[in-house]
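The block underneath contains the structure these notes are about, expressed in structure tokens.
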């Protein structure tokens, strides 16, 4: 399966792209997520409300009973103080019992195509981290590259600028953020199995020992095509700067592309992360974080128009990711962290903002002889 998947990914990467759900709006050439949709609609004044939800059924093939889950229920509230100043907050309830603030920021339009943003914001890396409303992507679950390598949903506290250079067909973003935490209360946080994921601080009493830079450029000068290049650079955070080797350096580069031609939709991305001083960190903390990680996926879909706005869309996606792509010192790479997945399924859009989904997955890694299989079904809503 790995050879077939690699060939599929190679073919897709040559023609990368993105399926843009009809209610994922565009203003000119700029895609909008749920928060941007609320704040950038000139017809909406005062308090505005939006939301999205995802309910899943996951059944490992022939091994354990399936699970039903209200995966997430999200409400967004926007408020426009005037034509230049607005505020957005996003409250998320996961698995019924876990409550998070996913976004909370002020946006100040200081000049045409120049905005200053401050607060808790999504880090612009890859596609899904900024555009993860459940009706905007195919498959019941988000791609695992975006869970283990990016890692979505990744938000940080900071300040920055965003805007457009329309003459060059570019959208730009640049922020100073607080960063991942790698050491807290005498213990290491980040680890080999899921990379930096456990280090997300999520805006909750975040520790700041050094600043991090996040940037992204998106090009939209060719009809139907959007290409993004993102970078994230800095160090992880520690609550004890008197102890050496409690942090690692982080350099993350992401390339993503999305394309739609009539009913054919394609998307793909590649993310590469290098961590410096990982050996010293592992010796101190007893963790097994790798020094390099990478992940990529390619996806193809074709929509069949049905009655009204209804669409039936089969899709296929191949992804590969490795959180032990390289290790330092005496740490031996764990083959179980070298993973690849093949997902295929159907998306049935019954209304703008409502989709029923079903898919089947082959989940493989270098430590097993036969891929695990999983059936998924769910419903996604965005309004």
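No lab work stands behind these numbers, since they all come straight from the coordinates. All figures in this text were calculated on a predicted structure; none of them were measured in a lab. Neighbour counts are summed over all protein chains in view; Cβ atoms, including those assigned to glycine, are modelled from backbone coordinates with ideal geometry.
Overview of results
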| quantity | calculated |
| --- | --- |
| Subset of region 243-268 [under 25 Å from residue 313 (Cβ atoms), out of contact with any helix residue (DSSP H, G or I) (no Cβ under 6 Å at 6 or more places or on another chain) and buried (at least 19 other Cβ atoms within 10 Å of the Cβ)] | 256, 257, 258, 259, 260, 265, 266, 267 |
| Some residue of region 77-85 being within 16 Å of residue 159 (Cα to Cα) and either within 19 Å of the chain's Cα centre (by Cα) or without any contact (Cβ under 8 Å) to a residue 60 or more places away in the chain (or both) | yes |
| Residue in region 323-330 that is in contact with a strand residue (DSSP E or B) (Cβ under 7 Å, 6 or more places away or on another chain) and either under 29 Å from residue 38 (Cα atoms) or free of Cβ contacts under 8 Å to residues at least 24 places away in the same chain (or both) present | no |
| Tally of residues being touching a helix residue (DSSP H, G or I) at 6+ places or on another chain (Cβ under 8 Å) and surrounded by 24 or more Cβ atoms within 10 Å (Cβ to Cβ) across region 276-292 | 2 |
| Flag for residue 376 being under 23 Å from the mean Cα position of the chain (by Cα), part of a strand (DSSP E or B) and free of Cβ contacts under 8 Å to residues at least 60 places away in the same chain | no |
| Count of residues meeting criterion [surrounded by 22 or more Cβ atoms within 10 Å (Cβ to Cβ), over 17 Å from residue 163 (Cα atoms) and more than 18 Å from the chain's Cα centre (by Cα)] in region 89-138 | 0 |
| Where residue 301 falls short, out of the listed (1) under 25 Å from residue 231 (Cβ atoms); (2) in a strand (DSSP E or B) | (1) |
| Total residues in region 221-234, condition surrounded by 15 or more Cβ atoms within 10 Å (Cβ to Cβ) and more than 20 Å from the chain's Cα centre (by Cα) | 1 |
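Residue-wise test of (1) buried (at least 19 other Cβ atoms within 10 Å of the Cβ); (2) in contact with a helix residue (DSSP H, G or I) (Cβ under 7 Å, 6 or more places away or on another chain).
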site	(1), (2)
310	no, no
324	yes, yes
330	no, no
343	yes, no
351	no, no
358	no, no
361	yes, no
